[in-house]
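Asker: There's a structure below that I have some questions on.
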Amino acid sequence: MSPDWSATGFSTRAIHVGSEPDPATGAVVPSISVATTFVQDGVGGLRGGYEYSRSANPTRDALQAALAAVEQGTRAFAFSSGLAAEDVLLRAVLRPGDHLVTPDDAYGGSHRLFSRVLGPWGVEHTPVRLSDVDAVRAAIRPGRTKLVWVETPTNPMLRIADIGALADVAHDAGALLVVDNTFATPYLQTPLVLGADVVVHSTTKYVGGHSDVVGGALVLRAGPGDARAEELAADLGFLHNAAGAVAGPFDAWLTLRGLKTLAVRMERHTDSAERVAEWLTHQPGVTRVHYPGLPEHPGHLVAAAQMRRPGGMVSFQVGSPDAAAALVARTGVFLLAESLGGIESLIELPGRMTHASVAGSPLEVPGDLVRLSVGLEDVDDLLADLEQALAAAGA
Ligand SMILES: *Cc1c(COP(=O)(O)O)cnc(C)c1O
């Protein structure tokens, strides 16, 4: 008898939902279902609802079921990348003349999508400091604002937005609240429970977790009886298939494998990030540390209320762009690379790497900012690596 998974804890859901043993063979792991097409028993006689793998695929279904379960949503859609997921959501909800409120600190690719893809199609956006609820309310254009887009913690400044408060502001205006939950992951934060309508993921990051698969997802709170939410689920499902940027079966399978160990990885990422952040506050060359787990962080209390733990991302400043560039060139365990959320520790210079495309925009980041994705190596090795790099960089 299958338990009521909705009554079980995070890891139990992550490991079991969507991964029920194969009824024919008993295999405890879902297979990678590579067929592009499925035989029909007479026209329209589908076995298990499968027809063509863009429309639906068993491996993708397994991942989608697991993602919905861990986010405590009702529907999930898996895409070939995080940006593909964002694109479908934006096109499903927004029409020319519409407006959205966006973060003034965000993943650079999301900003590029808002400004350079949606903009020319006649959709306007206003970047706002999301930690300021009144500023978000003031940015809403009555009747035109259809979405409030939230990142928390933000990339790369690690600012915190109050999801529940922003959901109220969005809903008062008849807009949807969308949360990009890539940095926090569903283990640390469940935006749908806090009032968000849709969660966006780049599963490329912590969910996949091993820097070996690009993917994205949308998860919805749509419930029976909520006509607007049901309509959104139908619109997203339509565009998922009609535009076609779906997750392939190999990618879906790797992402599902990653998801099963998310909780243990996030605990260790956070243990080490807490150590690294605290240690950085004592280093003479470090002028500021941005980490929501530090008591002096302006979003500390909101983060403590809405997140299980503060997560594995740490940013800090070293006083000058030259010192920052010298530092990131001198680490050995921390690899100099974009992206985040994998088992290996990464270091980067947002101003010249991940956020180079937002230079000159309201999202521009400090030139002396260094971003760390704290990995799963032994934390003493991470601290030693940063110590020698800071010394060598003269920071
Ligand atoms: C990486 C990332 C994205 C985009 O996802 P891709 O999988 O690279 O397309 C969106 N949001 C955040 C916060 C990210 O880190």
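The values are calculated or read from the model by the stated rules, or taken from the named source; none is laboratory data. Bear in mind the structure is a predicted one, so any value in this text is a computation, not a measurement. Cβ coordinates were reconstructed from backbone atoms using ideal geometry, including for glycine residues, and neighbour counts include every protein chain displayed. What goes into the accessible areas is simple: the full protein's heavy atoms, side chains included, and nothing from ligands, DNA or RNA. Shrake-Rupley method; radii C 1.70, N 1.55, O 1.52, S 1.80 Å.
Asker: Name every residue in region 338-350 that is open to solvent by 30 Å² or more (accessible area, probe 1.4 Å) and more than 12 Å from the ligand (Cβ to nearest atom), in order of residue number.
Answerer: ILE343, GLU344
Asker: Hey, another quick one. Take region 193-219 and flag every residue that is of a type in the set (A, V, I, L, M, F, W, C) and either crowded, with 24+ Cβ neighbours inside 10 Å or within 9 Å of the ligand (Cβ to nearest atom) (or both).
Answerer: Result: ALA196, VAL198, VAL199, VAL200, VAL207, VAL214, ALA217, LEU218, VAL219.
Asker: Of the conditions (1) without any contact (Cβ under 8 Å) to a residue 12 or more places away in the chain; (2) in a helix (DSSP H, G or I), TYR187 clears all except one; give me its number.
Answerer: Single failed check for TYR187: (1).
Asker: If PHE334 passes every condition in (1) within 16 Å of the ligand (Cβ to nearest atom); (2) surrounded by 21 or more Cβ atoms within 10 Å (Cβ to Cβ) but one, which one does it miss?
Answerer: Going through (1) within 16 Å of the ligand (Cβ to nearest atom); (2) surrounded by 21 or more Cβ atoms within 10 Å (Cβ to Cβ) one by one, PHE334 breaks only (1).
Asker: Additional query: What helices (runs of 4 or more DSSP H) completely inside region 212-330 contain at least 2 residues that are under 19 Å from LEU346 (Cα atoms)?
Answerer: Because the criterion is at least 2 residues that are under 19 Å from LEU346 (Cα atoms), the helices (runs of 4 or more DSSP H) in region 212-330 that meet it are 262-280, 321-328.
Asker: Working only within region 243-278, note down all residues that are open to solvent by 60 Å² or more (accessible area, probe 1.4 Å) and over 24 Å from ALA14 (Cβ atoms).
Answerer: Matches in region 243-278: ARG275, GLU278.
Asker: Among the numbered criteria (1) part of a loop (DSSP other than H, G, I, E, B); (2) at pLDDT 95 or above, which single criterion is violated by ARG13?
Answerer: Looking at each condition in turn, ARG13 falls short on (1).
Asker: Restricting to region 183-192, name every residue that is within 16 Å of the ligand (Cβ to nearest atom) and either in contact with a Lys or Arg (Cβ under 6 Å, 6 or more places away or on another chain) or charged (D, E, K, R) (or both).
Answerer: Selection gives LEU188 alone.
Okay, residues lined up against (1) open to solvent by 50 Å² or more (accessible area, probe 1.4 Å); (2) within 26 Å of the chain's Cα centre (by Cα); (3) among the small types (Gly, Ala, Ser); (4) at pLDDT below 95:
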| site | (1), (2), (3), (4) |
| --- | --- |
| LEU46 | yes, no, no, yes |
| LEU63 | no, yes, no, no |
| GLN72 | yes, yes, no, no |
| ALA78 | no, yes, yes, no |
| GLY97 | no, no, yes, no |
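Asker: Run down ARG47, ARG91, ARG60 and say which single residue is touching a helix residue (DSSP H, G or I) at 6+ places or on another chain (Cβ under 7 Å), farther than 30 Å from ARG159 by Cα and of a type in the set (Lys, Arg).
Answerer: After applying the criteria, what remains is ARG60.
Asker: Right, another one. Looking at ALA161, ALA170, ALA165, ALA84, which is the one that is within 16 Å of the ligand (Cβ to nearest atom), under 20 Å from GLN189 (Cα atoms) and either among the small types (Gly, Ala, Ser) or not assigned by TED's automatic domain parsing to the domain that holds HIS201 (or both)?
Answerer: ALA161
Asker: Can you tell me how many residues within region 1-10 are assigned to a helix (DSSP H, G or I) and surrounded by 12 or more Cβ atoms within 10 Å (Cβ to Cβ)?
Answerer: The qualifying residues number 2.
Asker: Just to verify a result, which residue in region 99-109, among those that are at pLDDT 95 or above and surrounded by 21 or more Cβ atoms within 10 Å (Cβ to Cβ), is nearest to the ligand (Cβ to nearest atom)?
Answerer: Looking at residues that are at pLDDT 95 or above and surrounded by 21 or more Cβ atoms within 10 Å (Cβ to Cβ), I get PRO103.
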